[in-house]
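S.K.: Have a look at this one before I ask anything.
The values are calculated or read from the model by the stated rules, or taken from the named source; none is laboratory data. These numbers were taken from a predicted model, which means no experiment stands behind them. Virtual Cβ from ideal backbone geometry, glycine too; neighbours counted across all protein chains shown.
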């Protein structure tokens, strides 16, 4: 009886992506919880930006705490908007939308990573070299695509001297620079990341269609 249970469990691990099935939902739940907290904080700050409560009252003191808590995310966007003579009071809304986008791509990053590991494990268990190579390539292409997307997002909201942006630039420039020389920027619009992302997506589909079927 016990051997039957262990055999069934082993078969389940072989046939189902255990990381995708069990660990990914936990991470997704945590990310969604963080997004809901940020939505609450940013909506409150947006309301306080337009109502401007008395700073010495109860609501005013609560508003000050909310602003102090969220300044790290809102201030760079407000400064960006102010330089372009756009109403800085909408900065919390933009920060909220940006956080949702980052949360989405963070979940995609985990999904690609777990998908790659699950396929490598499946390939090793079944002595399938194509599955192992396919899992590694699929995961690498997905993660690299997300690094490019994170770089694009950061380049809009932080200084070019930002450490995170400089790190992402060092990782992605070897691929982006050749395309940038082939397709020069049109004014302030750099089309090379879009072309690279399309090519990486095509390569991912090719890997999935050929090696992971």
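S.K.: Can you tell me which of 45, 65, 79, 85 is within 24 Å of residue 156 (Cβ to Cβ) and more than 27 Å from the chain's Cα centre (by Cα)?
M.R.: Just one listed residue meets the conditions, 85.
S.K.: Also, quick follow-up: Among (1) farther than 30 Å from residue 94 by Cβ; (2) more than 19 Å from the chain's Cα centre (by Cα), there is one condition residue 177 misses while meeting the rest; what is its number?
M.R.: Residue 177 satisfies all of (1) farther than 30 Å from residue 94 by Cβ; (2) more than 19 Å from the chain's Cα centre (by Cα) except (1).
S.K.: Answer yes if at least one residue in segment 53-72 is on the phi > 0 side of the Ramachandran plot, out of contact with any strand residue (DSSP E or B) (no Cβ under 8 Å at 6 or more places or on another chain), assigned by TED's automatic domain parsing to the domain that holds residue 40 and not in a helix (DSSP H, G or I), and no otherwise.
M.R.: As a first pass, look at segment 53-72 and keep what is on the phi > 0 side of the Ramachandran plot: none.
So far as segment 53-72 goes, no, none of its residues is on the phi > 0 side of the Ramachandran plot, out of contact with any strand residue (DSSP E or B) (no Cβ under 8 Å at 6 or more places or on another chain), assigned by TED's automatic domain parsing to the domain that holds residue 40 and not in a helix (DSSP H, G or I).
S.K.: Among the numbered criteria (1) surrounded by fewer than 16 Cβ atoms within 10 Å (Cβ to Cβ); (2) at pLDDT 85 or above; (3) not assigned by TED's automatic domain parsing to the domain that holds residue 38, which one does residue 104 miss?
M.R.: (3)
S.K.: Could you grab the pairs with beta carbons closer than 8 Å, sequence gap of 6+ or different chains, first residue in segment 78-100 and more than 21 Å from residue 149 (Cα to Cα), second one outside any helix (DSSP H, G or I)?
M.R.: 81/87
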